[in-house]
Amino acid sequence: MGDFLTIVMKELRHMLRDKGLLFGIIVVPLLLYPALGHLMQVGMQQAQEETKVVLVNFDTGNYGNLLIKSLEIAPNVTVTRIEAKDLQDAINKAKEKDYNVVVVIPGDFSTKIDANEKTNVEIYAIFKSVSTGIRESVSEGRINAVVNILNEYLAKLKIKNSASGDPEAILHPIEAQSYSVIKDRVVEVSPSIVVNLFSAQGLSIPIIILLMVMVVSQMAAGTMAMEKENKTLETLLTLPVNRLTIVAGKITGTAVMGLIASITYMIGMRYYMSSLIPSGDSEISLEALGLTITPKGAILFALVMFLTIAFALGLAMFLAIFAEDVQSANTVVSAGIMPLAFPVFVLMFTDIETLPAVFKYFLMALPFSHPILAFRAMLMGQYSSIYFSIIYLAILATVMLYITAKFFSTEKVLTAKLRFRRRT
Amino acid sequence: MAAIKVEDLEKDYGKVKALKGISFEVKEGEIFGLIGPNGAGKSTTLKILATLLSPTGGRAEIFGYDVVKRADDVRKLISYLPEEAGAYKNLTGWEYLTFMAKLYAKTGKSVEEMLELGREISDLGKRLNDKISTYSKGMTRKLLLARALMVKPKLAILDEPASGLDIVNAYVIRKNIKNFARSEGVTFFISSHNMLEVEFLCDRVALINEGVIVEIGTPRELKEKYGAENLEEVFMDIVENTLGGV
Ligand SMILES: Nc1ncnc2c1ncn2[C@@H]1O[C@H](COP(=O)(O)OP(=O)(O)OP(=O)(O)O)[C@@H](O)[C@H]1O
Ligand SMILES: [Mg+2]
């Protein structure tokens with residue numbers, strides 16, 4: 001135990017002083033991500049600012065005034081009426097006062113509405129620079145919303161005057177009511193919302209898990225390759241320390257760094273995401289759909305994650321045996337882990353049960369499918385499949401770690417070599 | 001009991017036969033030198049004794065323990081300094097020595113004692129508190145040598161201990177090794193190119209060439225046998241003769 005701790009501490013001390021590594025696991029997630037999110041937030045906030053409308057009314061009837069009143073009471077819209085000779089004059093005046101939208105009500109506005117003819121309102125968004133135009137489109141949307149409400153209102157008014165029955169029912173005779181059935185329970189949420197929620201999870205969970213696997217694997221291989229590159233491995237292997245203790249110490253040191261990395265990345269991602277999703281928009285949560293995470297489910301999922309990481313670290317250490325320096329270690333690990341991880345991306349878009357049997361069993365054989373399957377099973381409360389994942393991963397991880405430890409106790413760890421650098 | 005006992009030791013790297021059946025014995029407390037030209041098989045022999053490589057034939061024992069079957073026991077008795085070695089660059093010299101001392105503490109020595117000795121042998125003074133990445137080649141070598149000796153192993157296996165050191169430092173190191181052998185009873189197994197070094201240091205030497213041991217004896221015996229002024233002449237004589245004989 002003493003040796004083990006000594007080695008773990010040395011690993012941690014050495015890694016924590018690696019500037020590149022620290023940049024990757026502290027600066028990038030905790031400073032860069034939130035900074036990026038904040039920048040985007042500032043952009044969005046600017047876009048969400050008040051829509052300042054300059055309004056020119058050439059209409060003399062009632063309906064022009066009705067539209068103006070509606071716009072005035074609409075939220076986030078400030079209306080300023082101006083007098084203008086023509087459109088160009090109005091735009092010039094708007095520019096002067098830093099307004100971004102000009103609305104023009106034509107002279108025959110009320111007359112046409114009274115005559116049951118189609119009329120129009122002209123909306124001019126003034127682009128001041130080549131930008132995303134979010135602000136301008138938001139402004140347009142707000143005015144369109146007002147016009148739509150007014151449209152409905154006027155239509156209902158006309159229906160009331162010329163037909164009998166509920167104007168709403170005449171205007172919208174059919175309305176679709178949609179529900180979703182989840183875990184044999186009917187929830188009053190439309191499928192499109194559920195799909196949005198699922199696909200957000202479906203995309204982000206595999207990416208986060210696989211990213212984490214890659215990061216810790218590279219770190220583990222890095223610590224091994226670093227011993228070779230700095231020529232410290234030979235000394236290390238002649239110390240009065242069991243080889244298994246050395247492997248375990250390195251794996252544990254890396255796992256601790258991996259834990260730190262996953263925490264910092266999660267915090268960073270949260271900040272980043274929360275600055276993108278405007279607050280106040282009442283988001284439907286997984287809980288609202290009846291997909292709750294029980295303590296039992298969480299523990300089982302954590303176990304699956306632990307075994308997946310253990311397998312990945314064992315594999316990475318094994319692969320690193322064949323690399324001579326950090327650079328080639330990165331190459332070998334990518335070459336070794338990518339083929340196992342890549343097919344798993346299929347799960348981002350599909351349910352494993354809908355795949356042909358061959359593909360299904362192929363994916364089930366890959367260790368990195370299991371954390372994703374387990375995450376879904378955890379939400380659905382299907383624990384039996386998680387038990388299967390745990391048993392399967394435990395066997396894989398044990399075999400992998402055993403092979404790695406075996407290789408470490410032979411001279412292969414010193415003599416096995418694969419070169420990946422180009423010959424010049 | 002012999003500190004080292006090697007019998008018909010062979011090592012093949014694929015097709016390359018690095019050792020073709022060498023045998024020798026080293027007594028406890030001796031400073032034994034293995035000398036020979038480049039590629040003769042010196043480092044290979046040392047690595048097998050240090051439990052890093054396994055022989056393809058023959059056997060080697062350290063204080064009675066087989067280097068393959070009882071590798072864990074052997075590692076408790078030895079301390080090995082590789083020919084080309086480095087230290088953990090992000091640690092300071094002191095942290096490096098502390099790390100090593102802790103791992104050797106279970107062999108019955110106190111960490112403080114080892115560190116005190118390490119500070120003395122390394123001769124790095126205040127620089128021990130600097131990161132190893134700022135050390136020169138010679139400073140790193142002194143640190144590594146200090147690490148190898150401070151643990152007072154029963155057998156120190158040093159592959160060209162003074163390589164990369166200047167004349168002054170090499171001289172100090174040799175003195176240190178000699179003192180250590182006398183005062184602490186540490187057995188030394190050293191490989192070298194430097195005949196002066198070997199003559200000054202070693203009680204006995206073995207000359208190895210192309211994986212075969214061609215001579216064993218004290219420096220004086222060898223000089224007398226070949227009627228040479230110094231070991232360098234003996235060495236050249238043997239190398240030329242073996243090459244001529246092929
Ligand atoms: N890892 C290896 N793979 C293949 N051949 C090797 C390996 N290591 C050493 N050899 C070969 O074994 C022979 C002996 O090498 P060794 O390193 O023991 O020589 P040496 O006496 O230490 O030489 P030097 O004085 O140059 O250090 C050489 O021919 C060398 O090419
Ligand atoms: Mg050598």
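Observations, loosely collected:
- Note on A:D114/A:S164: beta-carbon distance plugged into 1/(1 + (r/R0)^6) with R0 of 25 Å gives a FRET efficiency of 0.70.
- Backbone N atoms of the stretch A:377-408 closer than 18 Å to the 7 Å Cα→Cβ label point of A:K183 belong to residues A:377-387.
- For the stretch A:59-111, the normalised intensity computed at q = 0.12, 0.24, 0.31, 0.32 Å⁻¹ comes to -0.29, -1.04, -1.23, -1.25 (log10 of I(q)/I(0), Debye sum over alpha carbons, equal scatterers, no solvent).
- Averaged over peptide B:141-150, the number of partner chain Cβ atoms lying within 10 Å of each residue's Cβ comes to 1.
- The alpha-carbon of A:K97 sits under 16 angstrom from the alpha-carbons of these lysines, leaving out residues fewer than 8 places away in its chain: A:K52, A:K128.
- Take each residue of peptide B:80-88, count the partner chain Cβ atoms within 10 Å of its Cβ, and average: the result is 5.
- Taking the DSSP bridge list for chain B and keeping only pairs wholly inside it, about 55 percent are antiparallel.
- Computed from Cα atoms, the angle from the helix A:369-380 axis to the main principal axis of chain A rounds to 50 degrees.
- Taken over chain A, the percentage of Cα pairs per 10 Å bin, counting from 0 up to the bin with the maximum distance, is 4, 15, 19, 17, 14, 12, 10, 6, 3, 1, 0.
- Rg to Rh, two decimals, where the stretch A:329-374 supplies the alpha carbon set and Rh follows Kirkwood: 1.03
- Relative contact order of the stretch B:4-241, defined on C-alpha pairs under 8 angstrom at six or more residues apart (%): 27
- Nearby aspartates and glutamates by direct alpha-carbon distance to B:K102 (threshold 16 angstrom, same-chain neighbours under 8 apart not counted): A:D3, A:E11, B:E112, B:E113, B:E116
- Note, ³J(HN,Hα) from phi for the stretch A:288-295, Karplus 6.51, -1.76, 1.60, rounded to Hz, x at Gly and Pro: 4, 8, x, 9, 8, 9, 7, x
- Whole-Hz ³J(HN,Hα) from phi, Karplus 6.51 cos²θ - 1.76 cosθ + 1.60, for the stretch B:157-166, glycine and proline x: 10, 10, 8, 6, x, 9, 5, x, 9, 6
- For chain A, the mean residue ellipticity at 222 nm estimated from helices alone is -21000 deg cm²/dmol, where every DSSP H run of n ≥ 4 contributes -39500 (n - 2.57) and the total is divided by all residues, rounded to the nearest 500.
- Model label points for B:E120 and B:E83, set 7 angstrom from Cα along the Cα-to-Cβ axis, are 3.2 nm apart.
- Listed residues B:E160, B:E221, B:E210, most fluctuating in chain B (Gaussian network, C-alpha, under 10 Å): B:E221
- Taking the square roots of 5 times each eigenvalue of the Cα gyration tensor of the stretch A:94-149, largest first, gives ellipsoid semi-axes of 27, 13, 8 Å.
- Straight Cα distances below 19 angstrom link A:K156 to the lysines A:K69, A:K112, A:K118, with same-chain residues fewer than 8 positions distant left out.
- Choice from A:F318, A:F359, A:F408 showing the highest fluctuation, given a GNM over chain A with Cα pairs closer than 10 Å: A:F359
- Reported to the nearest whole Å, the Cα centre-to-centre distance from the stretch A:172-190 to the stretch A:95-110 is 42.
- Near the amide H of B:I208, within less than 5 Å, lie the amide hydrogens of B:I35, B:G36, B:V214, all on another chain or at least 5 residues away, with H placed in the peptide plane.
- Relative contact order for the stretch B:1-135: 21 percent, from Cα pairs under 8 Å spaced at least 6 residues apart, divided by residue count.
- Counting only DSSP H runs of at least 4 residues, each contributing -39500 (n - 2.57), and dividing by the residue count of chain B, the helix-based mean residue ellipticity at 222 nm comes to -12500 deg cm²/dmol.
- With Cα atoms, 0 to 90° folded angle of helix A:87-96 axis to chain A main axis: 50
- Note on chain B: Cα convex hull, mean projected area over all directions, 13.6 nm².
- In order along the stretch A:19-26, the phi-based Karplus estimate (6.51 cos²θ - 1.76 cosθ + 1.60, θ = phi - 60°) of 3J(HN,Hα) comes to 5, x, 5, 5, 4, x, 9, 10 Hz; Gly and Pro are listed as x.
- Put simply, the C-alpha atoms of the stretch B:63-168 give a gyration tensor, and the ellipsoid matching it has half-axes of 24, 16, 12 Å, longest first.
- Orientation-averaged projection of the stretch A:50-175 equals 9.1 nm² [convex hull of Cα atoms, one quarter of hull surface area].
- Most simply put, the stretch A:50-175 has about 30% antiparallel DSSP beta bridges, counting only bridges with both residues inside it.
- The mean sequence distance of close C-alpha pairs (under 8 Å, at least 6 residues apart), as a share of the length of the stretch A:50-175, puts its relative contact order at 25 percent.
- Here the Gaussian network model covers chain B, with springs between Cα atoms less than 10 Å apart; of B:G227, B:G29, B:G185, B:G227 fluctuates the most.
- A crude spin-label estimate for the pair A:M380 and B:E25, with each label 7 Å from Cα along the Cβ direction, gives 7.4 nm.
- Helix A:33-48 and the longest principal axis of the C-alpha atoms of chain A enclose an angle of approximately 10°.
- Around A:I149: net Lys/Arg minus Asp/Glu count, Cβ-Cβ under 14 Å: 0
- For the residues of A:2-8, the average number of beta carbons from a partner chain within 10 Å of their own beta carbon is 3.
Read-outs throughout are calculated quantities, based only on the coordinates presented, and are distinct from any laboratory measurement. Remember, it's a predicted structure, so these values are computed and weren't measured experimentally. Don't worry about glycine lacking a Cβ; one is built from the backbone with ideal geometry, like all the others, and counts go over all protein chains shown.
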